[in-house]
1. Could you work out how far helix 143-156 tilts from the main Cα principal axis of the chain, as a 0 to 90 degree angle to the nearest 10?
2. Just the number, please: percent antiparallel of the DSSP beta bridges in the chain, rounded to the nearest 5.
3. Among 160-172, 369-381, how do they line up from the highest to the lowest mean number of other beta-carbon atoms within 10 Å?
4. Find how many whole Å separate the alpha carbon centroid of region 324-378 from the alpha carbon centroid of region 55-85.
5. Which one is right for this structure if volume of the Cα convex hull per residue in Å³ is calculated from it: (i) 199; (ii) 127; (iii) 160?
6. Below 8 Å between Cα atoms, with a sequence gap of 6+, how large is the relative contact order for region 349-472 in percent?
7. Quick one: helix 441-459 against the long Cα principal axis of the chain, what's the angle to the nearest 10°, folded into 0 to 90?
8. Would you mind ranking 209, 2 so that the residue whose beta carbon has the fewest other beta carbons within 10 Å leads the list?
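Quick note: the coordinates plus some simple rules give every number you see, no bench work behind them. No experiment lies behind these values; they were computed from the predicted model shown. Counting neighbours? That spans all protein chains shown, and the Cβs are built from the backbone with ideal geometry, glycine included.
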């Protein structure tokens, strides 16, 4: 038995009537198909990237006019456009195999569990250190699950020891997708970049692997930031082992493709200073909220150092929300899979966007002032960082209300500063005041002074006040001159 990822039905989906079925890729354009339905969120996000990549491979819009003209789904056309690429999408068999090394690798197979980013590596398992990551959950994978896991692993590959390359966007990249919240086709088509159909030889498994044992790098196509390989990168040299019913293991060899200077159209980027290399953004652990918007769902004022994903920068009508997803990593160790839906703010003027950025920057500065003020109350590290997270959580509803005010042409800066002051002081008092009279005199003095520092910063005085007032467009209060003796 084998599996062809173009011709065969292998993708589980949820339909508009809440029923479930399994489709071939061209059926993503059928009107009742709503979303992929894999048992893991990272597989679902990767499946969306795969489907977008298939359309970009076979039938992308030539330009914005072509994109607009072809917004209506056409399953028959998509089936016809995808069909010629079927020989490149066999999971097994003689000849090229989907996302696997063209060379029939020899050697001992690893457990198939290695295809999941949150699985324990060999050293972790040997050392009994698999607390946050897990071993031996999957000893066999059916062919569809193996294909999806293989794609997800190549797209998200973390560092994995000497010679085992990370993905084109590093381990666990941040992915942003614009979602009109209608059908699967609407989501896929909204995020497909403009371009021209590729040839099968552009797919990395259709040629000998560009190995990197001597530091060789693979650059984007000349004159472009990305090609179709952005959606089908192959940093790991892998071959799947299987019997008649399931994938049973994975052979891996080091020194796969080492990608450099690519910019994936579904991820945001940043750089440390103008003129340096653009680097892919990665999610931080914890909840994704408005504190994380800058450079991910809205432009930063210093746009030369941060760039939204191409799919967010292209102005296309009818957008509702942004899906933000990705693995938060600590080097090789996965910490958390982030999956969030945020508002897409389209149509803001430059000044309105500047106001929005200012609200976020001011909140960030107040959260830092709060954290510093809590030093006499809470131990450093996670305890005070947890208070910062709570600060952003408690102010999120008001922030979104103020965003609506900006969209109406209003300036909510004064109201926002009041909200920030109220939350910061209330949060400080909730931690510092209970039992204060039972503390030693010296401790009471430090806490009292810390509150005074916070009050002064929120009133425009002190070192941090500029970081609070300036983004909101407020001048700092004039310092009172001392009277001459």
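1. It works out to around 50 degrees.
2. So the antiparallel bridges amount to about 90 percent of the total.
3. Highest mean packing first, the order is 160-172, 369-381.
4. Answer, in whole Å: 36.
5. Given (i) 199; (ii) 127; (iii) 160, the structure-derived one carries the label (i).
6. About 42 percent, as a whole number.
7. 80
8. On the way: 209 19, 2 11.
Fewest to most other Cβ atoms nearby, the residues stand as 2, 209.
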